[in-house]
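Trainee: Just dropping this structure here.
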Amino acid sequence: MTFVQSIILAIVEGLTEFLPVSSTGHIIITGKLLGVPENDFTDTYTIAVQLGAILAVVVLYWKKFFNFNRWQFYVKLLVGVVPAVILGLLLEKRIDALLQSATTVAVTLFLGGIVLIFIDKFFQNPTVHSEQEVSYKKSFLIGVWQCLAMIPGVSRSASSIIGGMQQKLTRSAAAEFSFFLGVPTLFGATVLKLYKFYKNSGGFTGKDVDILVAGNIISFLVAMIAIRFFIESLKKHGFRIWGWYRVVVGMILLIMIFTGYMK
């Protein structure tokens, strides 16, 4: 992986991590278009670059993350991340295999887009307007929804937001809780990936460290902007625009795959 390739992937990560369009799917496709070699470091980088995006959430919502008097907030996040931890450990090899499939990404982007086009009509009359009103049971069930994102192209953000809306959260409350839940989920996945690479490869080279640091700085800055934009867009326009985006991108990718332009 070149330095330029890593920066482009970091920009894609920052833009898409918290949008309902699948950051993993976009990184897989971008990597294939850029000709990024498939190796252990590339696989590690595509996960580790999430740290910058995670930090963007913590900085933007620092009052919630550093208000230690509200211990229930941390417990809710731990409860919500339990399903992902269990399924992630059980299905790790199958998930890694799916991460190499552009066809899986294209199909799930397309189908997920159709869902998002109509999702605002499914869940109306929400009753939960803030994270403080989210019960432990709702946290766990939203965490179960989040597990759908283990399929590349589904989108962790989309699945957990839809899960929140199904649990009667407003669109904005569901989006923010999705951001919060992403912090322990993505942090745990990143630490585990870094540890396995370090253990299996014998350590990181100086170039590896430079790429990881630069990538996370870029993803942090871009994610700060993307999160603000998404919340405002969600309040005004709902999910429809993101649904059409997914459908169009999914169709383009399927055409590229069937014509042999992309494998």
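No value in this document is a laboratory result; all are computed from the given coordinates. What you see is a predicted model, and the numbers here were worked out from it, not measured in a lab. Backbone-built Cβ (ideal geometry, glycine too); neighbour counts: all protein chains shown.
Trainee: May I ask for the net charge around Tyr198, where only other residues with Cβ less than 12 Å from the Cβ of Tyr198 are counted and Lys, Arg are +1 while Asp, Glu are -1?
Mentor: Net local charge, Tyr198 excluded: +1.
Trainee: Could you put Glu17, Glu38 in order, starting from the residue whose Cβ has the fewest other Cβ atoms within 10 Å?
Mentor: In increasing order of surrounding Cβ atoms, one gets Glu38, Glu17.
Trainee: Give me Phe110, Phe229 ranked fewest to most by other Cβ atoms within 10 Å of their Cβ, as a rough exposure proxy.
Mentor: Fewest-to-most ranking of Phe110, Phe229: Phe229, Phe110.
Trainee: Here's a follow-up. Hey, what number do you get for the chain at 222 nm if only DSSP H runs of n ≥ 4 count, each worth -39500 (n - 2.57), divided across all residues, to the nearest 500?
Mentor: When only DSSP H runs of four or more count, the value is -25500 deg cm²/dmol.
Trainee: Then there is this: Need one word for segment 3-258: rounded, prolate or oblate. Basis is the Cα gyration tensor (sqrt eigenvalues a ≥ b ≥ c); a/c below 1.5 gives rounded, then a/b vs b/c decides.
Mentor: Cα axes put segment 3-258 in the oblate bin.
Trainee: Sort Ile241, Ile161 so the one with the fewest other Cβ atoms within 10 Å of its own Cβ comes first.
Mentor: In order of increasing Cβ crowding within 10 Å: Ile241, Ile161.
Trainee: Excluding residues fewer than 8 places away in the same chain, name every one of the lysines whose C-alpha is closer than 22 Å to that of Lys121.
Mentor: Lys138, Lys168, Lys235, Lys236
Trainee: What number, in percent, do you get for the relative contact order of the chain if the mean sequence gap of Cα pairs under 8 Å and at least 6 apart is divided by its residue count?
Mentor: After rounding, I find 37 percent.
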